[in-house]
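Read through the structure below, which is laid out as structure tokens, and then see the notes.
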Amino acid sequence: MSINSFGHLFRVTTWGESHGPALGATVDGCPPGVPVDAAMIQHWLDRRKPGQNKYTTQRREADEVRILSGVFEGQTTGTPVQLMIENTDQRSKDYGDIMDKFRPGHADITYWQKYGIRDYRGGGRSSARETASRVAAGGLAREAIRAIAPDVQITGYMTRMGAHEIDRSRFDWDQIEQNPFWSPDAQTAADWADYLDDLRKSGSSVGAIIEVVARGVPAGLGAPVYGKLDTDLAAAMMSINAVKGVEIGEGMSAAMLTGELNADEIFMGNDGKPSYSSNHAGGILGGISTGQDIVVRFAVKPTSSILKTRKTITKAGAETEIITKGRHDPCVGIRAVPVGEAMMACVLLDHMLLHRGQVGGQIGENRGRIG
């Protein structure tokens, strides 16, 4: 199976399966001299790991990361960094009933159609467990960004669960880490808790919308046409398990705006740098960052593994029914938040390195004469 890598200069290859002995990431292209240790990366993995509350899968994994190469005396060496996370709480027996059946909404049937073989134990390579590897790589990317562009802050949060959306008039950055849903709206988080608890007990699931914002990103990242920053961000977010749609800035809603409403007017700020009246563009124009907040939004479908009888077929083509047993997230969007942050970090670092390689000098250096 090919195409397990993403990125240009900061290149991440993930490996491993949901119920194998371990999974992880091989990160090539990380600059040398970045201060890093396992505890720094573990901080980000702890935000994603399962079993932390009743609203996520009860699979108990420590998700403890080990750095096997590429770091010496607390600094990256410039050689490939190998990150490994052992699986310790597999329950493969939960999947015995689906050995010969395809779960509706899962990649079971397409893997079988393409490869003629599939790992039915939790979905194998198609399992969202693979995203732990991305979060580990993203933790490394964050430390490199901290060294190159220390003002950059990456924050993800949930804006919608099913039909229930946050009230942006109550948006509070400080609330995001204070509830199990990464919600910036405390009242909506409380409402979600009741709603999801009922849904979980019924054996069903629900989708979500996640927003990831990168603040403090310098202007100039990305390149026209095929090297657009938003192209790579969209591909990165779309590659996350269960994601069915991605927006940059105003996204699909831009189709409802007129030209004068959509255009972000430009002024000179008191600091001598350009400022904007709005940010419909999501911080990216022509594939290049403007210096505004970069805003990416993605939609996560409902978890397909539900305790509800669904019709399906067997590998032999016989019609049958299936109930997916095991430990599953009633809203997989919850744990998609740190994954989206990790993908943002990986893409931003990659483009910082590409910018430095093409243009040279400091990231975000203003080459145009403004003011």
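The values are calculated or read from the model by the stated rules, or taken from the named source; none is laboratory data. No experiment lies behind these values; they were computed from the predicted model shown. Every residue, glycine among them, receives a Cβ derived from its backbone with ideal geometry; neighbour counts consider all protein chains shown. Calculation scope for accessible area: heavy atoms of the full protein, side chains included, ligands and nucleic acids excluded. Shrake-Rupley method; radii C 1.70, N 1.55, O 1.52, S 1.80 Å.
Taking 0.36 nm per residue of sequence separation and removing the Cα-Cα distance, the Asp151/Ser239 pair yields an extension gain of 29.0 nm. Considering only Val217, Val225, Val36, the mean-square fluctuation computed in a Gaussian network model of the chain, springs between alpha carbons under 10 angstrom, is largest for Val225.
For the pair Asp167 and Lys273 in one chain, pulling the backbone fully straight at 0.36 nm per residue adds 35.0 nm over the alpha carbon distance. The count of lysine pairs in the chain whose Cα atoms are under 12 Å apart, excluding pairs fewer than 8 places apart on the same chain, comes to 7. For the range 5-359, the share of accessible area belonging to carbon and sulfur comes to 52 percent (1.4 Å probe, ligands and nucleic acids excluded).
Does the range 128-205 come out rounded, prolate or oblate, given a ≥ b ≥ c as the square roots of the eigenvalues of its C-alpha gyration tensor, rounded meaning a/c under 1.5 and, failing that, prolate meaning a/b above b/c? Present the calculation step by step, with values, prior to reporting the outcome.
Working: a/c = 3.51, a/b = 1.56, b/c = 2.26.
Taking the square roots of the gyration eigenvalues as a ≥ b ≥ c, the range 128-205 is oblate.
In the chain, a dipole from Cβ-located charges (positive for Lys and Arg, negative for Asp and Glu) runs towards its positive end, and of Thr76, Ala318, Ala163 it is Ala318 whose Cα lies farthest in that direction.
Per the Cα gyration tensor, the range 84-192 maps to an equivalent ellipsoid with semi-axes of 35, 22, 13 Å, ordered largest to smallest.
Of the listed residues Thr303, Thr159, the order by accessible area with a 1.4 Å probe, largest first, is Thr303, Thr159. Select from Gly16, Thr110, Leu196 the residue farthest towards the positive end of the dipole of the range 5-359; place +1 on Cβ of Lys and Arg, -1 on Cβ of Asp and Glu, and compute about the Cα centre. Positive-most Cα among the choices belongs to Thr110. Solvent-accessible surface of the chain, taken per residue with a 1.4 Å probe and all protein chains present: 47 Å². The modelled label-to-label distance between Ala39 and Thr79, using points 7 Å beyond Cα along the C-beta direction, is 2.5 nm.
Loop-located GluC sites (Glu not before Pro) in the range 230-318 (DSSP state other than H, G, I, E, B) with a sparse environment of at most 16 neighbouring Cβ atoms within 10 Å: Glu265.
Basic side chains Lys and Arg get +1 at the Cβ, acidic Asp and Glu get -1 at the Cβ, and with that the dipole of the chain about its Cα centre reaches some 1200 debye.
All C-alpha pair distances within the chain, sorted into 10 Å bins from zero, spread as 5, 23, 31, 25, 12, 3, 0, 0 percent across the bins. Subtracting the Cα-Cα distance of Leu257 and Phe72 from their residue separation scaled by 0.36 nm leaves 61.3 nm.
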